Amino acid sequence: MYVYGLKNDWKLRYEELYCDKNYYTAVTNKEEGWFDIETLPCDVHVPLIENGIIEDPVIAGNCFKCEWIEDKSWWFRKIFNAGEDLINSQNSELVIEGLDVKADLFLNGTYLGHHGSAMYPFRKDVRDILHEGENILVIRVTSGLEYYSELELSKIKDYIACEYKGGRGPRGDNRRVFVRKPQYVYGWDWNPRIATCGIMGDARIEAYKEIAVRNVRFTTNKLSGNDAEIAVEAEIENLYPISTLDVNVRLDICFNDAPVQSVEKEAFMTSGLNYVEFDVTINNPRLWWPNGMGGQNLYTVKICATAPDNNSDYREIKAGIRTVKLNTDKISNTSRMFAFEINGIRTFCKGGNWETPDSIYSRISDDKYELLVREAKEANFNMFRFNGVNAYERDFFYECCDRYGILIWQDFAGFSCAAYPDEMDWFRHEVEKEADYQTKRLRNHPCIALWCGSNECQCLLLTYRKNSYWAGDKKPASPAGTVIYNKIIPWTVRKNCPDVPYWNSSPYGGATDLESNDYGDRHHWIFLDADSGMNERITLEEYDKIACKFVSEFGCIGPTKKSSLYKYYGSENVDMESSIWKMHTNTFEKDIIKAAISKHYTDAKVLSLDEYLLYAGLFQGVMLGYALESMRYAENNYGALIWSFNDAWGEVGWSIIDYYTTRKISYYFVKRALAHKKLILREDEGKINIICMNDTRDMLEFELEYGYMTFDGMKEDTVREKVTVGPFTKAVVAARIKKGPYDTLKGLYYARADENSGIAPATLRTGDFKNLFIPQPVISLTGLNECKGKVAFTVTSDKYAHGVHFGLNDDALLSDEYFDLLPGESRKITVLNDNIEIAIDDINPGYVYVKL
């Protein structure tokens, strides 16, 4: 295969929306009004920003000034030269990825066709249309809503969730369900309406002679003793429409450039698609494991096909040897497990929901993907849930997840919080092509752990506005998407990647309650439960009541650091009562944060900006940390995923790392709660239980100390004992400990392992912080030094200290921050940034102190 790249040096202009494909000649003859585009991907917003036509829509209130973009047609033009490699090939296939979303394509004045989905690429053989020398490629694209009317919506319009329907601002559009593109771009609770439009991926021409290796599938069939049974399937096309070919097909598998397996086959190929299968055994395989459980070992797999005239094509992939299973075995007659098993080991899935990390998703860089996934690994994640509201991310994102050990729960994109018109033939056909393309594209990534049909679509049909779509005996006018989730997608997953489990929707499970505690996964939204009183929504102990099998969504809102706030606000003159502040606050935040600050810390009626950012950030962190611990502690709960890990723009919102990739205060609470080796204390009927989580493959042996300690360091009823916890185990290390007659407003129950164990101390929460009688501590810093290019220091407190932090720049990456210290406890802190210079005077340790 010869690849001719078309990414660079495009032109762009806009016309009125009525200028459809029939205006091709009139538009392309215009010489003025074209913007230069250096490279693809390109959303039309980007050159408009670069040329001063608009301001960045994610800043301040600029998005409202950009809505006119939806009402234009956008014309891309690329002039390129074609040589013999393209002209003399057998097939020269034009490939355009990420056309968002309604596109008409022309090459040298010839109409190539219409493309209506951003979820799979346009591909067409254009050899006979190419000219030797100069060629002109033109693509007209629109944001897509103009194609659909209220009449087409009439069957399902009452079952489409939009922010404006809930009285939460001017976000959302019913017509989104027809448009095969990311659904969040028309407005969500965490994203404004910025209707994307453009070419969101690569553009190229692939030239083939005689044969084309179309796809490779790598499957771990079985792990048995010291062997791995592997199946590799090559999809190879014989490009002669009426002739057969004898083709040599070679499989090479390498690890770190060292050969592992090489097999050759002679294949007799008929016209069109052929499938060549290899079954190999790899001795002493290096398995791929999720973060914390082992290494992320990746093999290089190469298929090379050679035709009689020595024309050849090859495909090379990275693959991991691993098995994945979703265990839904019975626990009892009324409940079932929902547990992932990787390489036969039951795995507690800990992590968060991924948001597409820019409202304008074309401008997400590889560096941003790398940083975000690395930060997830650093926070002890082993899973992202990819919500159906998002865009499919580029290949590099999944490669990062492979390298860092982050499992992916992959919803099919474009299906979220709505009924979808799958009674329409064209819609089903588009989905079939999307599902086929995406399952083939992603199936070899060992990070892919689950395919899921949709986000909150089936539960919405059951419960939306307290009125089930399926009420009564009469079938509804539209299947509303259920043909997609229940037939089309599971059939496609079974065909293309049967080794990866499928789940119809999220949440899903149970007969009549799709938020069941007994079956499937649950979206556990205490924080948003308007039927509960405000106090319940901001009380940490409510999470101790969790009885479900897998929490795939829950969350708490909190602010960014001040440096990020200044960026998205567009000014350092911040007014917390302004329209910009309110616009950049999640639409579900209705004074919940102020109520939480008043409950846990101090009166929130009069707070400075700095105080609000600190206390609100601490509340989000304390809430998320406690909830995650409760989920890890709970019996028969097998997963806890926060909403959300990251952000698409700057706001007071759900994430723990913001749009500018700066850690929020809550990041550190989540990191500690998800530690691979962790102690957790909980009270049960007046008795205290201590459990130890060991998510690693190592045997843990340590000395455990537990008892009661006053906030100034006096110990009572202290017990020390040796503890052993096996690999991949959650174990009770001390059970039913009787509470003594001690004042829990002046002290706490604690457990800590010896310093060499790498396990942080744990405490039993017994009340809101502001009600505790904590003496003012003295924080000491010692031992500032540099080791292996990293700066480190040690922090100690003479008394109990809450929310210990260091006053460094917001972009400082620390091994830990905003933590609690027991009296006399020391903690070593490492600055993770490379080549950073920090003096002892730069560190300004602080803590939270409330004087009663």
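The values are calculated or read from the model by the stated rules, or taken from the named source; none is laboratory data. These numbers come from a predicted model, not from an experiment. Ideal geometry is used to build each Cβ from the backbone, glycine not excepted, and the neighbour counts take in all protein chains shown. Side chains are part of the model used for accessible areas, which takes the heavy atoms of the whole protein and leaves out ligands, DNA and RNA. Shrake-Rupley method; radii C 1.70, N 1.55, O 1.52, S 1.80 Å.
Compute the FRET efficiency between residue 809 and residue 849 as 1/(1 + (r/R0)^6), taking r as their Cβ-Cβ distance and R0 = 25 Å, and round to the nearest 0.05.
After rounding, the FRET efficiency stands at 0.60.
Using only the alpha carbons, work out the radius of gyration and Dmax of the chain in angstrom.
28.5, 91
Run through the DSSP bridge list for the chain and note the antiparallel percent, rounded to the nearest 5.
Expressed as a percentage, antiparallel bridges in the chain total about 85.
Expressed as a whole percentage, what fraction of the accessible surface of segment 134-257 belongs to carbon and sulfur atoms when a 1.4 Å probe is rolled over the protein heavy atoms?
43
Give the residue list of trypsin sites (Lys or Arg not before Pro) in segment 802-852 that are DSSP loop and have at most 12 other beta-carbon atoms within 10 angstrom.
851
How long is the gain from residue 378 to residue 703 if the chain were fully straight, where each residue apart is worth 0.36 nm and the alpha carbon distance is subtracted?
Going from the current span to full extension adds 114.4 nm.
Over the chain, what is the relative contact order in percent, taking alpha-carbon pairs closer than 8 angstrom and at least six residues apart?
Once divided by the residue count of the chain, the mean separation gives 9 percent.
Rounded if a/c is under 1.5, else prolate if a/b is larger than b/c, else oblate: which is segment 314-411, with a ≥ b ≥ c the root eigenvalues of its Cα gyration tensor?
The shape class here is prolate.
Spin-label point model (7 Å from Cα, Cβ direction): what's the residue 776 to residue 2 distance in nm?
Modelled inter-label distance: 7.9 nm.
Over segment 507-585, what is the relative contact order in percent, taking alpha-carbon pairs closer than 8 angstrom and at least six residues apart?
24
Relative to a virtual label point 7 Å from the Cα of residue 244 in the Cα→beta-carbon direction, which members of segment 201-215 show backbone nitrogen distances below 20 Å?
Answer for this model: 210-212.
Efficiency by 1/(1 + (r/R0)^6): what FRET value for residue 331 and residue 367, r their Cβ-Cβ distance, R0 = 60 Å, to the nearest 0.05?
Efficiency computed from Cβ-Cβ geometry: 0.85.
With all protein chains present and a 1.4 Å probe, how do 128, 252 order by accessible area, largest first?
Correct descending sequence by accessible area is 128, 252.
Within segment 216-240, list the residues whose amide N lies under 12 Å from a label point set 7 Å along Cα→Cβ of residue 277.
Under cut-off, by backbone N: 231-234.
Which of the trypsin sites (Lys or Arg not before Pro) found in segment 92-124 are loop residues per DSSP with 13 or fewer other Cβ atoms within 10 Å of their Cβ?
In loop regions of segment 92-124 (DSSP not H, G, I, E or B), there are no sparsely surrounded trypsin sites (Lys or Arg not before Pro).
Points 7 angstrom from Cα along the Cβ direction at residue 788 and residue 254: gap in nanometres?
Each label point is offset 7 Å from its Cα along the Cβ direction, giving 2.8 nm.
FRET efficiency for residue 227 and residue 729, Cβ-Cβ distance as r, R0 = 30 Å, nearest 0.05?
Taking R0 as 30 Å, the efficiency between residue 227 and residue 729 is 0.70.
Which value, to two decimals, describes the C-alpha radius of gyration of segment 270-365 once divided by 2.2 N^0.38 Å?
This ratio for segment 270-365 stands at 1.64.
If you wrap a convex hull around the Cα atoms of segment 188-346, how much volume per residue is inside, in Å³?
Once divided by residue count, the hull of segment 188-346 is 234 Å³.
If you wrap a convex hull around the C-alpha atoms of segment 612-708 and split its volume per residue, what is the figure in Å³?
150
Report the equivalent ellipsoid semi-axes for segment 583-623 in whole Å, largest first, defined as the square roots of five times the eigenvalues of the gyration tensor built from alpha carbon atoms.
Taking √(5λ) for each eigenvalue gives 15, 12, 10 Å, largest first.
At 0.36 nm per residue, and after removing the present C-alpha to C-alpha distance, how many nm does the segment from residue 832 to residue 611 gain when stretched out fully?
So the extension gain works out to 76.9 nm.
Can you send over the solvent-accessible area of residue 609, 1.4 Å probe, protein chains only, in Å² to the nearest 10?
40
Taking 0.36 nm per residue of separation and subtracting the Cα-Cα distance, what length does fully extending residue 29 through residue 132 add?
34.9 nm
Between residue 603 and residue 581, with labels modelled 7 Å along Cα→Cβ, what's the label distance in nm to one decimal, could you check?
1.8
Write down the radius of gyration of segment 24-108 and its Dmax, each obtained from C-alpha positions, in Å.
Using the Cα atoms of segment 24-108, the pair Rg, Dmax is 16.4, 53 Å.
Can you give the calculated 222 nm mean residue ellipticity of the chain, where each DSSP H run of n ≥ 4 adds -39,500 (n - 2.57) and the sum is split over every residue, rounded to the nearest 500 deg cm²/dmol?
The helix contribution divided over the chain gives -4500 deg cm²/dmol.
With the contact rule set at Cα under 8 Å and sequence spacing of 6 or more, what percent relative contact order holds for segment 291-408?
Dividing the mean separation by the residue count of segment 291-408 yields 24 percent.
Find how many whole Å separate the alpha carbon centroid of segment 537-579 from the alpha carbon centroid of segment 371-425.
So the two Cα centres are separated by 21 Å.
Could you tell me what % of all Cα pairs in segment 701-761 have separations over 15 Å?
Roughly 55 percent, once rounded to a whole number.
Å³ per residue of the Cα convex hull, for segment 486-561?
164
What is segment 77-235 by shape, rounded, prolate or oblate, if you read a ≥ b ≥ c off the alpha carbon gyration tensor as root eigenvalues and call it rounded for a/c under 1.5, prolate for a/b larger than b/c, and oblate otherwise?
Judged from the Cα gyration tensor, segment 77-235 comes out oblate (a/c at least 1.5, b/c at or above a/b).
Exactly which trypsin sites (Lys or Arg not before Pro) in segment 737-804 are in a DSSP loop and have at most 11 other Cβ atoms within 10 Å?
Hits after loop and neighbour filter: 788.
Towards the positive end of the charge dipole of the chain, with charges on Cβ (+1 Lys, Arg; -1 Asp, Glu), say which of 212, 686, 620 has the farthest Cα.
About the Cα centre, the residue reaching furthest to the positive side is 686.
Calculate, for the chain, the solvent-accessible area per residue in square angstrom, rolling a 1.4 angstrom probe over the heavy atoms of the protein chains.
Dividing the accessible area of the chain by its residue count gives 39 Å².
When the accessible area of segment 525-597 is split by element with a 1.4 Å probe, what percent falls to carbon and sulfur?
Carbon and sulfur: 47 percent of the exposed surface of segment 525-597.
For segment 5-62, what % of the accessible area comes from carbon and sulfur atoms, probe 1.4 Å?
With neighbouring chains kept in place, the figure for segment 5-62 is 42 percent.
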